[in-house]
Structures are given as structure tokens and as C-alpha cells.
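Enquirer: My structure is below; once you've seen it, I'll send some questions.
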Amino acid sequence: MQNRFGKKAFFAIIIVMAVMLSLGVMIGCGSSSDSGGGGGDTPDPGTGNIYGTVYDSSGLPVSGAKIVYEQYGQYASAGKGSTVYSDSNGEFTFYNVPVIEFGNVLLTATYGNTASTEVVQVTDGGSTTATLSTQPSGTLSGEVYDASNSSALEGALVDAVQDSNVTLSYYTGSNGSYTFAGLYEGNHTVNVTLSGYNQTSCTVTITEGGYLTKDIPMVAEGSPTPTSTSTTSPTPSPTSTFSGKVHALFVGICDYPGSGSDLDYPVADVNGMKANLTSSAMWKNAEIITLTDSNATKSAIANAISTLKSNAASNDLFFFYFSGHGSNSSGVASIVVWENSDFGYIDESELNGYVSGMPCASAFYFDSCHSGGFVGKALTKVVNGKKMKAKVYTGAPGYDPNFKGTFNPTKGLNVLTNLVGVSASTLAELSWESSSIGHGVFTYYVMEGLGTGATAGPADKDGSGVVSAEESYAYCSPKVVTWSSGEQNPQMCDNYTSGSLPVKQ
């Protein structure tokens with residue numbers, strides 16, 4: 001990738017995720033191939049090359065598709081993986097892929113809401129070819145647990161089978177979780193096996209661009225099969241009295257000025273959040289403004305907020321969502337946007353000025369590095385980045401990677417009232433996006449909690465039919481912390497005084 005530096009230099013952070021043997025999968029990262037020791041067309045000893053082409057459903061080559069390879073041995077992942085992107089001819093190459101005994105290589109190509117999978121074998125010194133044709137796809141994730149005590153089950157083999165030719169496998173990690181990104185649209189049979197437990201099967205339906213959560217209980221061998229007692233329970237009434245209109249601004253920036261500062265998934269984050277929210281009745285007549293990439297200028301964002309504010313009434317909701325780069329200048333957080341074909345910055349004080357005087361309650365979501373500055377919280381720690389690409393812009397004026405913050409209730413949105421703010425990380429931390437889920441990690445779990453379709457998702461713990469901003473945070477925060485091994489910690493400020501603030505019902 002070429003880097004063209006503008007007035008403010010950018011240093012992109014791309015870091016390979018540590019091997020996750022217990023998960024049975026390796027998440028690819030960056031846009032480089034696994035070049036091994038030698039590279040070139042002649043494989044190193046004990047390795048082989050994979051050459052392939054990605055086509056769309058009409059048979060045309062796909063440029064810019066992300067292709068991940070994952071290696072599987074006889075029982076579990078070999079912990080070896082990498083990612084490349086298809087060129088203008090739809091072609092890609094993985095050099096020096098290690099040959100493992102009883103091993104296969106799973107290739108997964110994703111492009112937008114489409115995907116293609118293919119299993120190939122690599123031979124010592126050989127060349128393997130693959131053709132991948134993308135189809136509409138979605139994401140399935142969940143947890144496998146013991147039905148008797150709800151404890152997570154590690155090492156369970158989860159197979160997703162659509163027909164005799166399409167089978168994907170995943171080994172659950174220590175928290176019992178599994179994820180399939182790029183499952184073809186349609187019905188799938190999910191089979192779960194684990195030594196000491198009866199095999200469990202279920203059927204799921206994947207929709208294009210959808211995110212389905214399916215937790216799977218397993219019964220120990222020799223245990224009685226649990227029976228259900230039929231009971232009739234009243235349908236809970238929504239606890240929210242919201243009867244107004246939603247006024248929303250969604251901002252997502254993948255394409256930043258120059259060629260070295262781009263992100264992969266903010267636009268997908270925006271599209272996913274809108275899809276999950278607008279499917280509910282609360283958002284039926286919502287006023288929505290969406291700004292992406294070079295259209296997301298500082299002035300455009302300010303004008304959009306002004307427009308929405310002028311149309312809002314006291315019983316309405318203002319909703320703000322941002323996914324993109326974030327920065328930290330001596331303890332002051334900013335979101336990084338466009339301005340005059342260069343980098344622009346909206347810091348805490350400026351955003352507060354834009355939304356000051358909003359006549360209704362507000363909900364704010366930030367999926368960007370250092371975004372805890374907007375909700376007034378930070379940790380006394382310096383984070384060593386890991387796992388994927390961080391949404392941090394290091395070229396911002398005064399950027400301080402070693403800043404150590406403390407709790408400050410008078411920072412950011414905390415100076416305003418009648419709102420809830422949720423951030424992907426603390427002021428001192430980075431925010432990650434991952435190719436395994438095709439989103440920012442924070443956004444992925446927020447969407448999972450909101451749920452797809454018209455009904456409230458699993459974040460609705462009290463079964464009220466409403467997901468509040470507070471419930472959304474309570475659901476996503478521990479999942480993000482677990483995913484990042486404690487290095488990304490979402491934060492929340494809650495200055496809404498009329499109970500819980502609904503964001504979906």
C-alpha cells in the first residue's frame with residue numbers, strides 16, 4: 001500500500017492478532033500476504049502457494065474483496081492464517097502456506113454483504129488454485145453452554161451446514177463463543193459436538209447482511225433430557241413512554257485523505273446500525289441524515305446537527321453515531337473527519353457546542369479510539385495495541401500516545417444534561433475493527449444487543465420490549481472487554497434523569 005502524506009502525517013496501525021487455538025480460528029489482518037521466508041513464486045520447503053480469483057454472482061471479477069485463509073488440522077486450528085485483498089482482476093495469492101498433517105485450508109472471501117468459501121489442500125512445493133464466487137451472506141454468532149448450570153463450554157466443535165458442499169467449522173473458546181462471518185443466505189443446520197455431551201443440532205436462517213445470535217445448550221451424556229413445562233405468561237408491556245420522533249445522524253468514514261489512513265468497516269458499521277434500529281416501530285418515521293467518507297466534513301456534521309436540532313421537539317430523541325478514527329491531544333478527545341480535502345477534528349467542546357440547546361433527550365455512540373474522552377472517563381493505563389487495525393489517528397496536532405487519564409466527571413458530554421453517551425473505549429485506549437466480524441468490535445456487539453428485526457434484541461434483559469441506551473451498554477461492554485482480553489473497555493455517561501433512555505422498541 002502506498003502512503004501519500006498530507007499536511008498532517010498518519011501512521012496506520014496494523015497488528016496481527018495472536019493465535020487463538022482454543023477458538024479454532026485465526027483472524028486475518030491488514031492487506032499483506034503471508035510471505036513466509038522467501039516469497040516469490042517458488043514456495044519455501046514445507047509450504048505451498050495458493051492462487052485464486054474472486055467473482056461476483058454475475059461472473060465478473062471482484063476488486064478489493066477481502067480473502068482470509070484459516071488452517072485446520074485433524075482436531076483443531078493450526079493457528080496459522082493471513083489476509084489479502086483481490087486486485088483489479090479479482091486475483092489473489094497466498095505465498096508459503098505451511099503444509100500441516102491432516103490439514104485443510106478454508107478460504108473465505110467477503111465483499112460488502114456477500115461472501116464465498118472454499119476448502120483447499122496445500123502440498124509441499126506445490127501450487128493450489130481456487131475460484132470463489134460470492135453470494136449474499138450474513139453473520140452467525142453465539143455461545144455454547146452446559147444446560148444444567150449455564151457454564152461456558154470450551155472446545156466444542158460447531159459445524160454450520162447448508163448442504164453437502166458447504167460446511168464451516170469452529171471450535172469454541174474459553175467463553176464458549178463461536179462466530180461464522182460470511183454464511184450464505186438461507187437455512188443452515190448447526191451441529192455441536194463435545195466429548196461427554198450429547199450432540200446438539202438446530203436450524204438457523206441467515207439473511208443478507210444480517211447478524212443472528214444463537215446460544216446453544218448442551219446436555220451431558222447420561223443426563224435426563226430436560227422437559228418443558230407449559231406455562232402462560234403475560235406479554236410484558238414496554239417500559240418506555242417514548243411517543244415522539246427520532247432525529248438521527250450516522251457518520252462513518254473508511255476513506256480518509258491520502259492513501260495510508262483508511263479503515264475497513266466504518267461504513268458497514270453505519271449500515272448495520274441503521275438496519276438494526278430502523279426495523280423497529282420507534283424508528284418508523286425517523287428523520288435520518290447519513291454522512292460517509294469525504295461527505296463527512298466538519299461543516300457537514302455541524303450543519304446536520306443544526307438541522308436535526310431545529311426539527312426536534314421536547315418528546316423526541318436525538319441519536320448520534322460515529323465510526324472512524326479518533327484522537328487524543330493531551331487528554332482531549334476528538335473524532336477525525338474530513339475538512340477542505342484534509343483531516344478535520346471535532347473535539348469534545350466543539351461537539352458539545354453543536355448539540356447544546358437540543359430540546360430533546362439524546363443518545364451518543366462513538367466507535368473510535370480514545371472516545372472515552374467524550375463521556376468523561378479514562379483509565380490510568382497505557383495500552384499496547386493488539387488484534388487488528390486500531391481506529392487511531394496519530395497525526396493529529398498534539399497527539400499523545402502515552403497519555404494517562406483519570407476519572408473526570410466534568411469532561412465531554414458530562415457537562416450536558418438529558419443524554420446518555422456510550423464510547424467504544426476509554427480516553428487512554430484504542431478501538432479495534434476485525435475482519436472476522438466485518439465491523440468495529442464495539443459496534444458489532446452493540447448491534448448484537450439491539451437485535452435484528454422489529455423486536456428488541458438480547459440487550460433487553462428485563463423483557464420489556466425496549467432496548468435502552470443503558471441496557472445496550474450493559475450488554476456490549478463485557479463482550480468487548482472479553483474479546484479484547486481487557487484492552488478495550490467501553491464507557492458510559494448517563495445524564496438522563498427520566499429512567500432509562502430508549503433507543504429501540
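What follows draws every value from the coordinates through simple rules; no lab data is involved. Quantities reported herein were computed from a predicted structural model and do not represent experimental measurements. Glycine also receives a Cβ, built like all others from the backbone with ideal geometry; neighbour counts cover every protein chain displayed.
Enquirer: Points 7 angstrom from Cα along the Cβ direction at residue 278 and residue 57: gap in nanometres?
Expert: Result: 2.0 nm between the two label points.
Enquirer: Additional query: Quick one: if you stick a label point 7 Å off each Cα along the C-beta vector at residue 149 and residue 255, how many nm between them?
Expert: 5.4
Enquirer: What does the highest-first list of 55-61, 416-422, 442-448 look like by mean Cβ count within 10 Å?
Expert: For the peptides 55-61, 416-422, 442-448, the packing ranking is 442-448, 416-422, 55-61.
Enquirer: While we're looking at this one, here's another question. Fewest to most neighbouring Cβ within 10 Å: what's the order for 389, 504, 461?
Expert: Ranking 389, 504, 461 by Cβ neighbours within 10 Å, fewest first, gives 461, 389, 504.
Enquirer: Once the convex hull of the C-alpha atoms of the range 308-385 is built, how many Å³ does it hold per residue, rounded to a whole number?
Expert: 114
Enquirer: With 10 Å bins from zero, work out the P(r) of the range 137-218 over every alpha carbon pair and list the percent per bin.
Expert: So the P(r) values, bin by bin, are 20, 55, 23, 2.
Enquirer: Per q in 0.10, 0.13, 0.15, 0.18 1/Å, what log10 I(q)/I(0) does a Debye calculation on the alpha-carbon atoms of the range 79-215 return?
Expert: Debye output, listed in q order: -0.38, -0.64, -0.83, -1.10.
Enquirer: Between residue 455 and residue 310, what length in nm is gained on full extension when 0.36 nm per residue of separation is reduced by their alpha carbon distance?
Expert: This chain segment gains 49.2 nm when fully extended.
Enquirer: Which pairs, out of 298/504; 274/504; 245/309; 274/391; 377/411, put more than 18 Å between their alpha-carbon atoms?
Expert: Going by Cα-Cα distance, 298/504; 274/391 fall outside the 18 Å limit.
Enquirer: Most exposed first by the Cβ proxy, i.e. fewest other Cβ within 10 Å, how do 204, 158 rank?
Expert: Fewest-to-most ranking of 204, 158: 204, 158.
Enquirer: Moving on. Principal axis extents for the range 246-504, Cα atoms only, whole Å, descending order, please.
Expert: Extents along the principal axes: 42, 38, 34 Å.
Enquirer: Of the DSSP beta bridges with both residues in the range 272-367, give the percent that are antiparallel, rounding to the nearest 5.
Expert: About 55 percent, rounded to the nearest 5.
Enquirer: Sum up the charges of everything whose Cβ sits under 14 Å from the Cβ of residue 268, counting Lys and Arg as +1 and Asp and Glu as -1, but leave residue 268 out.
Expert: Here the charged neighbours net out to -4.
Enquirer: What is the gain in length, in nm to one decimal, between residue 342 and residue 187 on full extension, counting 0.36 nm per residue of separation less the C-alpha to C-alpha distance?
Expert: That works out to 51.2 nm of additional length.
Enquirer: What's the local net charge at residue 55, with K and R +1, D and E -1, over the other residues with C-beta under 13 Å away?
Expert: With Lys, Arg at +1 and Asp, Glu at -1, the net is -3.
Enquirer: Where does the charge balance sit around residue 298 when Lys and Arg score +1, Asp and Glu -1, over other residues with C-beta under 13 Å from its C-beta?
Expert: -4
Enquirer: Taking a ≥ b ≥ c as the square roots of the eigenvalues of the Cα gyration tensor of the range 428-502, is the shape rounded (a/c under 1.5), prolate (a/b larger than b/c) or oblate?
Expert: Oblate is the answer for the range 428-502, as a/c is 1.5 or above yet b/c matches or exceeds a/b.
Enquirer: With each pseudo-label sitting 7 Å past Cα toward Cβ, what's the residue 205-residue 400 distance in nm, one decimal?
Expert: Label at residue 205, label at residue 400, 5.4 nm between them.
Enquirer: Follow-up. Which of 334, 86 has the fewest other C-beta atoms within 10 Å, and how do the rest follow up to the most?
Expert: Taking fewest neighbouring Cβ atoms as first place, the list is 86, 334.
Enquirer: Taking 0.36 nm per intervening residue step and subtracting the Cα-Cα distance, what contour gain separates residue 297 from residue 285 on full extension?
Expert: So the extension gain works out to 1.7 nm.
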